[in-house]
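S.K.: So that we are looking at the same thing, I have put the structure below in structure tokens.
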Amino acid sequence: MTTAAAAAGTWQLGDLEVNRIGYGAMRLTGNGMMGNSDGAPVDRDFAVRLLHTAFEQGVDHVDTASFYFSSRRSANELLNRALGSWRGGEVVVVTKVGPGRDPSGEWQTMARPDQLRGQVEENLRQLGRDHLDVVNLRRNGPDCASVAEHFGALAELRAAGLIRHLGLSNVRPEHIREAREIAPVVCVQNSFGLDWRRAEETGVLGLCADLGIAFVPYFAISGLHREAAAVAEQNLRVTAVAAELDATPAQVRLAWTLHRGPHVLAIPGTTNPAHLAENLAAATLRLTAPQLARLDAPAA
């Protein structure tokens, strides 16, 4: 039986085949990551049920990080609980290292290459795993102009068996090329959406397509969860297309994202079961050429 998340097809993360719609675990903690606030953290049992519902609907890859935590919740801890009681198929866990937060939640500077092993081991402990499926090196601004030393350190951990596959986050084309000289890159995770297309402008999206690398955008649904608000004119277009398809604006934004290429994945996060169902149903939406042209048209 084809599940909701499988309707958009699959992609390979190295030797791991995943459905193109996954789940982002950040919002489970209820903290104000990236300047946003989603309110109180969800109940642990509720979070496990929500994740199991996602898995039942075909979500087989989850984005997380050890620095996704609040005063009372850790995304990795909740994911550990859910996976520990899950009796279905394999779920690929994609985490990231580079930035860090101290126990009080304050952001720290980019980790040194020799500190990355500690971050990897922290993810292993929190997730209760012997190895990590995919680890993304998240570049943190000018503190990481080159990724060679950091990516090289992760490549050594991959060779030691602690990591299965490597990826990158918040990078430019030159970082992808630089990393590939050291070890295979299976995915790139950058901010990207209908109102924020820098990954297209810089060539990251196209380079990933050319190299067969998964491109996994975050903040794909709405401008409300980025630094800038959604473009008003674009919102009107999205609303009009949504009405034509009997869909929600968020579903149209997700469908537009998936239409950027078969190598593009999506990791929308939510703590609302109804929104989870809506997000996964976006995999079934097929935008017509005129609808895509209308959404892609520049602002007047």
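S.K.: Where nothing but the Cβ of Lys and Arg (+1) and of Asp and Glu (-1) is charged, how large is the charge dipole of the chain around its Cα centre, in debye to the nearest 20? Let's see the in-between values first.
M.R.: On the way: 29 positive and 33 negative charges, 41 e Å.
Using only the charged Cβ atoms, the result is roughly 200 debye.
S.K.: Rounded to whole Hz and in sequence order, give me ³J(HN,Hα) for the stretch 90-104 from the Karplus expression 6.51 cos²θ - 1.76 cosθ + 1.60, θ = phi - 60°, writing x for Gly and Pro.
M.R.: 5, 10, 7, 9, 10, 10, 9, 9, x, x, x, 10, 6, x, 7
S.K.: Each label point is 7 Å from the Cα along the Cα-to-Cβ direction; what then is the distance between the points at Ala277 and Asp43, in nm?
M.R.: Going by the 7 Å Cα→Cβ label model, 1.9 nm.
S.K.: For Ser85, Ser169, Ser74, what ranking results if the residue with the fewest other Cβ atoms within 10 Å of its Cβ goes first?
M.R.: Ser85, Ser74, Ser169
S.K.: How do Asp15, Asp43, Asp195, Asp63 line up, fewest other C-beta atoms within 10 Å first? The partial results should precede the final answer.
M.R.: Values: Asp15 8, Asp43 12, Asp195 19, Asp63 28.
Starting with the residue having the fewest Cβ neighbours, the order is Asp15, Asp43, Asp195, Asp63.
S.K.: Round to the nearest 10 and give me the degree value, 0 to 90, for the angle of helix 44-56's Cα axis relative to the longest principal axis of the chain.
M.R.: That helix lies at roughly 60 degrees to the long axis.
S.K.: List the residues, sorted by chain then number, that are 5 or more residues from Ile163 or on another chain and whose placed amide H is less than 5 Å from its amide H.
M.R.: Here the answer is Leu132, Arg158, since their amide H atoms fall under 5 Å of that of Ile163.
S.K.: May I pose another question? With the cut-off at 1.5 for a/c, could you classify the stretch 238-298 from its C-alpha gyration tensor as rounded, prolate or oblate? Please report the intermediate quantities before stating the final value.
M.R.: Working: a/c = 2.15, a/b = 1.39, b/c = 1.55.
It is oblate, given that a/c is not under 1.5 and a/b is not larger than b/c.
S.K.: Once phi is turned into ³J(HN,Hα) by the Karplus curve 6.51 cos²θ - 1.76 cosθ + 1.60 with θ = phi - 60°, what whole-Hz value does each residue of the stretch 2-15 show in order, with x for glycine and proline?
M.R.: 7, 8, 4, 5, 7, 5, 8, x, 10, 8, 9, 9, x, 9
S.K.: Which listed residue (Leu207, Gly22, Val135) has the Cα farthest towards the positive end of the charge dipole for the stretch 4-296, taking +1 on Lys and Arg C-beta and -1 on Asp and Glu C-beta about the Cα centre?
M.R.: Ranked along the dipole, the leading option is Gly22.
S.K.: Please name which of His275, Trp107, Leu13 has its Cα lying farthest along the dipole of the chain towards the positive end, using unit charges on Cβ (Lys, Arg +1; Asp, Glu -1) and the Cα centre as origin.
M.R.: The residue sitting most towards the positive pole is His275.
S.K.: In the chain, what % of DSSP beta bridges are antiparallel (nearest 5)? Walk me through the intermediate numbers first.
M.R.: Working: 8 of 31 bridges.
Roughly 25 percent of the beta bridges in the chain run antiparallel, per DSSP.
S.K.: Note the angle between two axes, namely the Cα long axis of helix 148-159 and the longest principal axis of the Cα atoms of the chain, as a number of degrees from 0 to 90, rounded to the nearest 10.
M.R.: Roughly 80 degrees between the two axes.
S.K.: Sort Leu292, Leu207, Leu280 so that the residue with the fewest other Cβ atoms within 10 Å of its own Cβ comes first and the one with the most comes last. If you can, show how the numbers build up before the last one.
M.R.: On the way: Leu292 15, Leu207 18, Leu280 28.
In order of increasing Cβ crowding within 10 Å: Leu292, Leu207, Leu280.
S.K.: Still on this structure, please answer the following. Show that you can apply the helix-only estimate: for the chain, add -39,500 (n - 2.57) for every DSSP H stretch of four or more residues, divide by all residues, and state [θ] at 222 nm to the nearest 500.
M.R.: Working: 11 runs with 108 residues, N = 300.
Helix-only estimate at 222 nm: -10500 deg cm²/dmol.
S.K.: Then there's this: Hey, if you put +1 on the Cβ of every Lys and Arg and -1 on every Asp and Glu Cβ in the chain, which of Val252, Leu295, Leu157 ends up farthest toward the positive end of that dipole?
M.R.: Val252
S.K.: Let me ask something else about it. Measure nothing but the geometry: give the 0 to 90° angle between the long axis through the Cα atoms of 75-84 and the longest principal axis through the Cα atoms of the chain, rounded to 10°.
M.R.: The answer is roughly 90 degrees.
S.K.: Next question. Return the loop-located trypsin sites (Lys or Arg not before Pro) in the stretch 58-162 (DSSP other than H, G, I, E, B) with at most 13 other Cβ atoms within 10 Å of their own Cβ; answer none if there are none.
M.R.: Details: sites: Arg72, Arg73, Arg81, Arg87, Lys96, Arg101, Arg117, Arg125, Arg129, Arg138, Arg139, Arg158; in loops: Arg72, Arg73, Arg87, Arg129, Arg139.
Of the trypsin sites (Lys or Arg not before Pro), the ones in loops of the stretch 58-162 whose Cβ has at most 13 other Cβ atoms within 10 Å are Arg72, Arg87.
No value in this document is a laboratory result; all are computed from the given coordinates. In this text the structure is predicted, and so the values were computed from the model without any measurement. Virtual Cβ from ideal backbone geometry, glycine too; neighbours counted across all protein chains shown.
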